[in-house]
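Q: One structure, as structure tokens, below. Some questions next.
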Amino acid sequence: MDHHDCSCGPTLTRRGFVGLTLGGALGWLAGGGSARAFADEAARAAAPAGFGQAKRCIVLWLNGGPSHLDTFDPKPGHANAGPVKAIDTRAPGVQLSEYLPQLAERMDRVSLVRSMASREGNHERARYFLHTGYVPSGTVAHPDLGALVCQRTADADFDMPSYIAINGATPGPGILGVAQAPFFVPDPLKPIENLAHAQGIDAGRFDRRERLRRALGRAFEETRGGPETRGHDAVYGKAQTLMRSPRLAAFDLSQEPAALREAYGRGKFGQGVLMARRLIEAGVKVVEVQLSGWDTHQDNFTRVKNLCGQLDPAFATLIKDLADRDLLDSTLVVCMGEFGRTPKINQNEGRDHFARAWSLALAGGGVRGGRVVGQTTPDGAQVAERPVTVPELMSTILHTVGVGPDELNYSREGRPIYVVDGGAKPLGQLFA
Amino acid sequence: MLRGSSRLLSLVAALGAVSLAVPGAQAGPGGRPATGGDGQASTADLAARIDALMEAAWAEARVAPAAPASDAEFLRRLHLDATGVIPDEDTVRAFLASPAPDKRARLVRDALASDGFNRTMALRWAYPLVGRQFLFTTLGAKQMEQAAARLQEAMQGGGMSPMDGGMADDAPTSDGPVPPLVEWLEGRLRENTPWDAVVRELLTAEGSASENPATHWALRYARNGKAEELAGSAVRVFQGLQIQCAQCHDHPYTDWTQHDFYGVAAFFSRTAVRRDPPPEGSNKKQGPFVVHERPNRQLRIPAPPGETGRLALPRFLTGEVVGPGNGVDRRAELAKLMTSPANPYFAKATVNRVWSFFFGRGLIDPVDDLEAQDARHPAVLDLLVADFKRSGHDLRRLCEAILLTRAYGLSSGGADGEAAEVREAQVAAFARAPLRSLSAEQLFYSVLAATGAEDVRTQDRRQRARLERTKLTLLRKFVQTFGDDEGQEVVDEGTIPQALLLLNGPLTNDAIRPRPGHPVYDRLFRMKSNDERIETIYLRTLGRMPAPAERAVLREALAAPEARTAAGQAQALSDVYWALLNSSEFAFNH
């Protein structure tokens, strides 16, 4: 793919129509509903393996850009490897970095893509790209994958947020609006802020206050009621439903056995991943858990080893835990960052940004285990086989939750936007 | 004073003591004369001409305008729009009581002369320029923290004991840490610098980011190393055009081509950011960011793999080209072209955006896509654009004219039984005031103003300094809860975390917790009747008198047996406060 499609579709205006064919215009007027139905039908007709098998999704986001050579694509014996050795895994012929010993034991259930290729070597832009499948254009705020998945598959009446981001924010819902915004948990080791009643306020007092709020709100509603006030009411209603939800226990990690909490790792990341598992069990659709610090321009090997010390137990335990609970087949797990790092080690024992060739991992939700898509050259600097674009990755993720790449959303100005840039196809070999 | 309360409570409650930026309650005198020097029409005349044009358009479209806003409605709206915060109780009482026939026009002029106006306008421009995340959580925030730390040091130094009482004359005064770019814009607005000059300064700013905040716009995008992003932002905000689409291919539905886009981007091809070494003797690892021009740097139009893209040469949207030599300051040339009197976009984009500040929507909407739609009242737009140019791009005059129009002063309320479509048609034609969600900053400062947090006086200088930091933290959290908006126009829809913050969070709940020394409760307890108390809370929160039905509800609540004890009464009053701070009426500018 040389140029990215900006999806600068026409605006539904006089001027826009000039540029449209009649058929196109009629299709537009028919609206997104029929386009969606058509896409659904087409996707089902093709009936590709794994379509819609995932009912929920957990993203392990490695913020800063993890070094592919020191994690999922080791190059033992090459100068670029530095001190890092490779170890065999449960998947025949697939090796991992020695920093990931627990994950190695689960590789029969995890697959790798070792030939990711993009051009975005800037954190902010690449973060946006990997979350939305679009390069930032400034024109349209594309929804991130959590927002997309929830928009397409979540129950709007669910009494918890369907999309939760732990330890770090995501690019967010963009054109889909705040209804699809992630609920942010800044620190899984602390109680969720503002969910409990304020100091000195019990449930009875809160209810009295709420009754008063409603009584005093009547006059405004009568003279100025409309979509805006209804929206305000709806958000307040949802906030209070959440406060009272019996599922709030999902945030309470103390209900987990100590041994399991230990196995995930006691830090913010390990406990965040454990919380993610509790949340998806409670019915949450998408949880993203962030592990920061992968921007290892200096002192790469010490830092990556430490970071892997958090990633490895959490990722490996999550796979086992989901499998033990019979949830792995219906839960997609994606582990990725915004790009890889330079194979050549720099003068500060570090590695710099590298988007030309890098790796990520996928598991569950219909993704077969032990597969490897693509490979890099022996120095890790070029894709040697089957380059995979970010839109293809996006398409693969959406495929598992049953969303076809040709489905459309509309910007505020009425421009149609494919959920996947250019309608890229999913990576079939992960499912067959 | 604040003894016996939780630490957070005292921090929150006393925030305002540090001259919290609740601006504009006292407007300064006059401002610029309403009549310009060069025989310009007065702003009142200009507003009257707009009224005539709009009334004719309403008649033609058979849209009957809503009734004029009540005094209370107008006062609250104007305060929020022009100063960023709701009016205080005394201002409301005085305005409602004033019999002066021209009191609204005077209110407009006073508001525009206040510091709050400059702050509010600065924020309004800073959002689309760099986004809230940049302002409050990245570089802007770092500098804010440094500013707060410096302030703290300054306050603790000077040999004054923390408890020596009162503020000395030489004590640093501050509205609290403000993002540097906002502070810079505020200064330009205070001087009412012609807007074209301000824009040229932003577009051409060079040097250290810590010394020249005008560089922050360039820094925001050049840090990503993308001339394309600088071009996209400049054209979007200052020309009201969306040409970014043409970055990858010729724009399919407008006339812009990839050649056009890269022609603009080439003006920024040399703009770069470096990090200077730390100043000598500093214990920091790195010095400030510096925006500078790197000669000979070239930009190429993307080409398929294996091919070399064509060199992008500076060529503006209106066809002008500048030479390729290193002697040419490309950004300065672009700034001239973008703001030149011959430029067909600049004044139109500016007027349209300023209109949207006060109506929630531009005459052309969205405001950054002037080519997407026809103007709703094209004659009004033309009139304002012509006047804006004639005035030498006088932003304050433009605001004043808009705020004096009949359209701005219409009610948001409807008659009983009016169909929803009628209201929608009125709002679309600017024949009824829309409901607009308060921004994060408006809500934050309004909660503090309503609860009297800004009235608390603390004698403790060290505590005052610490509160500066706390205020920053709280504001930043508040802003984060609302999300970012750079590149998108501000839409502060409510979110669940935001509702939870107001329902259960410390900002509201600590500020309304009754306690001795609380400036509002102390007064409420001294009042003789519940009617008086109800009235005061209504004036402070909603800026109006309670309606008879509301008085009835509250009389009953305050007369309940459990509200008869002193503690019970205090609780009941705080419940009223809570109910009103969480109401739709409080959450919207209406």
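The values are calculated or read from the model by the stated rules, or taken from the named source; none is laboratory data. Remember, predicted model here, so these are calculated numbers, not experimental data. Cβ placement follows ideal geometry from the backbone for every residue including glycine, while neighbour counts extend to all protein chains displayed. The accessibility values were calculated without ligands, DNA or RNA, using every heavy atom of the protein model including side chains. Shrake-Rupley method; radii C 1.70, N 1.55, O 1.52, S 1.80 Å.
Q: Could you check the simple spin-label distance between A:ALA49 and A:ILE87, using points 7 Å along Cα→Cβ, in nm with one decimal?
A: For the pair A:ALA49/A:ILE87, the computed spacing is 2.9 nm.
Q: Using a Förster distance of 51 angstrom, determine the FRET efficiency expected from the C-beta separation of B:ALA567 and B:VAL422, and round it to 0.05. Please report the intermediate quantities before stating the final value.
A: Numbers: r = 49 Å, r/R0 = 0.96.
Taking R0 as 51 Å, the efficiency between B:ALA567 and B:VAL422 is 0.55.
Q: Specify which residue in the list B:ALA433, B:ALA420, B:TYR408 is farthest towards the positive end of the charge dipole of region B:395-448, using unit charges on the beta carbon of Lys, Arg (+1) and Asp, Glu (-1), about the Cα centre.
A: B:TYR408
Q: Here's another thing I want to ask about it. Please build a GNM for chain A, connecting alpha carbons under 10 Å apart, and tell me which residue among A:THR342, A:THR229, A:THR153 fluctuates the most.
A: So, out of A:THR342, A:THR229, A:THR153, the one fluctuating most is A:THR229.
Q: Right, another one. Report, as an integer, the average count of C-beta atoms from other chains found within 10 Å of each Cβ along A:205-211. Could you put the intermediate results ahead of the total?
A: On the way: counts 4, 4, 0, 8, 9, 5, 4.
Whole-number average of other-chain Cβ neighbours for A:205-211 is 5.
Q: With r as the distance between the Cβ atoms of B:ALA379 and A:ASN346 and R0 = 60 Å, compute the FRET efficiency 1/(1 + (r/R0)^6) and round to 0.05.
A: 0.45
Q: So, one more: Over region B:498-590, what is the relative contact order in percent, taking alpha-carbon pairs closer than 8 angstrom and at least six residues apart? Display every interim value, and only then the final one.
A: Details: 63 pairs, mean separation 28.8, N = 93.
After rounding, I find 31 percent.
Q: Could you give the C-alpha radius of gyration of region B:301-433 expressed as a fraction of 2.2 N^0.38 Å, taking N as the number of residues it contains?
A: Against the empirical 2.2 N^0.38 Å value, I get 1.46 for region B:301-433.
Q: Extending each Cα 7 Å along its Cβ direction at A:GLU124 and B:GLU532, get the distance between those two points in nm, one decimal.
A: Each label point lies 7 Å from its Cα, and together they span 5.5 nm.
Q: Using a probe radius of 1.4 Å on protein heavy atoms only, what is the accessible area buried between chains B and A, both sides summed, to the nearest 100 Å²?
A: Interface between B and A: roughly 5700 Å².
Q: Tell me the Kirkwood radius of region B:255-299: reciprocal of the mean inverse pair distance over distinct alpha-carbon atoms, in Å.
A: 12.9 Å
Q: To the nearest 20 debye, what is the magnitude of the charge dipole of region B:315-389 about its Cα centre, counting +1 on the Cβ of each Lys and Arg and -1 on the Cβ of each Asp and Glu?
A: It comes to approximately 180 debye.
Q: So what are the three principal axis dimensions of region A:138-187 from its Cα atoms, in whole Å, longest to shortest?
A: The Cα atoms of region A:138-187 stretch 33, 26, 14 Å along their principal axes.
Q: Let me ask something else. Rounded to whole Å, give me the distance from the Cα center of region A:68-123 to that of region B:88-132.
A: 60 Å
Q: Here's a follow-up. With 31 Å as the limit, write out which pairs from A:LYS190/B:LYS226; B:LYS103/B:LYS336; A:LYS85/A:LYS320; B:LYS285/B:LYS336; A:LYS238/B:LYS226 have Cα-Cα distances beyond it, or answer none. Numbers along the way, then the final one.
A: Numbers: A:LYS190/B:LYS226 39 Å; B:LYS103/B:LYS336 41 Å; A:LYS85/A:LYS320 25 Å; B:LYS285/B:LYS336 38 Å; A:LYS238/B:LYS226 41 Å.
Pairs exceeding 31 Å: A:LYS190/B:LYS226; B:LYS103/B:LYS336; B:LYS285/B:LYS336; A:LYS238/B:LYS226.
Q: Here's another thing I want to ask about it. Out of region A:52-91, which trypsin sites (Lys or Arg not before Pro) are coil in DSSP terms and have no more than 13 other C-beta atoms within 10 Å?
A: Of the trypsin sites (Lys or Arg not before Pro), the ones in loops of region A:52-91 whose Cβ has at most 13 other Cβ atoms within 10 Å are A:LYS85.
Q: Could you please report the charge total around B:GLY319, scoring K, R as +1 and D, E as -1 over all other residues with beta-carbon less than 13 angstrom from its beta-carbon?
A: So the environment of B:GLY319 carries a net charge of -2.
Q: Rounded to the nearest 0.05, what FRET efficiency do B:PHE525 and B:ARG106 give with R0 = 45 Å and r taken as the Cβ-Cβ distance? Could you check? Each step should come with its number before you reach the end.
A: Numbers: r = 35 Å, r/R0 = 0.78.
Step by step, r from the Cβ atoms, then E = 0.80.
Q: Something else: Taking each residue in B:555-562, count the Cβ atoms of any other chain within 10 Å of its Cβ, then average. What number comes out?
A: Working: counts 0, 1, 5, 0, 0, 1, 0, 1.
Averaged over the peptide's residues, the number is 1.
Q: Using modelled amide H (1.01 Å from N, peptide plane; none on Pro or chain starts), what sits under 5 Å from the amide H of A:THR376, excluding residues fewer than 5 places away?
A: So A:THR376 has HN proximity to A:ALA384.
Q: Label A:THR223 and B:ARG555 with points 7 Å out from Cα along Cα→Cβ: what is the distance between them in nm?
A: Each label point is offset 7 Å from its Cα along the Cβ direction, giving 2.0 nm.
Q: May I pose another question? So, how do all the Cα-to-Cα distances of chain A break down into 10 Å bins, in percent, from 0 on up?
A: Each 10 Å bin holds this share of Cα pairs: 4, 20, 30, 24, 14, 6, 1, 0.
Q: Another question about this same structure. Calculate the length of the line joining the C-alpha centroid of region B:503-539 to that of region B:371-418, in whole Å.
A: 39 Å
Q: Also, I was wondering about something else. What's the center-to-center distance, using Cα atoms, between region A:398-432 and region A:236-270 in Å?
A: After rounding, the separation between the Cα centres reads 32 Å.
Q: Could you give me the ³J(HN,Hα) list for region A:221-235, computed from phi with Karplus coefficients 6.51, -1.76, 1.60 and θ = phi - 60°, whole Hz, x at Gly and Pro?
A: Along region A:221-235, the couplings run 4, 5, 8, 10, x, x, x, 5, 5, 5, x, 4, 4, 5, 5 Hz.
Q: Show me the GluC sites (Glu not before Pro) within region B:502-590 that DSSP assigns to loop and that have at most 12 other Cβ atoms within 10 Å of their Cβ.
A: Hits after loop and neighbour filter: nothing returned.
Q: Next question, about the same structure. Quick one: which residues, 5 or more positions from A:VAL59 or on another chain, have an amide H under 5 Å from its amide H? H modelled 1.01 Å from N in the peptide plane, none for Pro or chain starts.
A: For A:VAL59, the qualifying residues are A:VAL287, A:GLU288, A:VAL289, A:VAL334.
Q: Ordering B:ASP510, B:ASP90, A:ASP379, B:ASP115 from largest to smallest accessible area (1.4 angstrom probe), what's the sequence?
A: B:ASP90, B:ASP115, A:ASP379, B:ASP510
Q: What share of the DSSP beta bridges in chain A is antiparallel, in percent to the nearest 5?
A: Roughly 45 percent of the DSSP beta bridges within chain A come out antiparallel.
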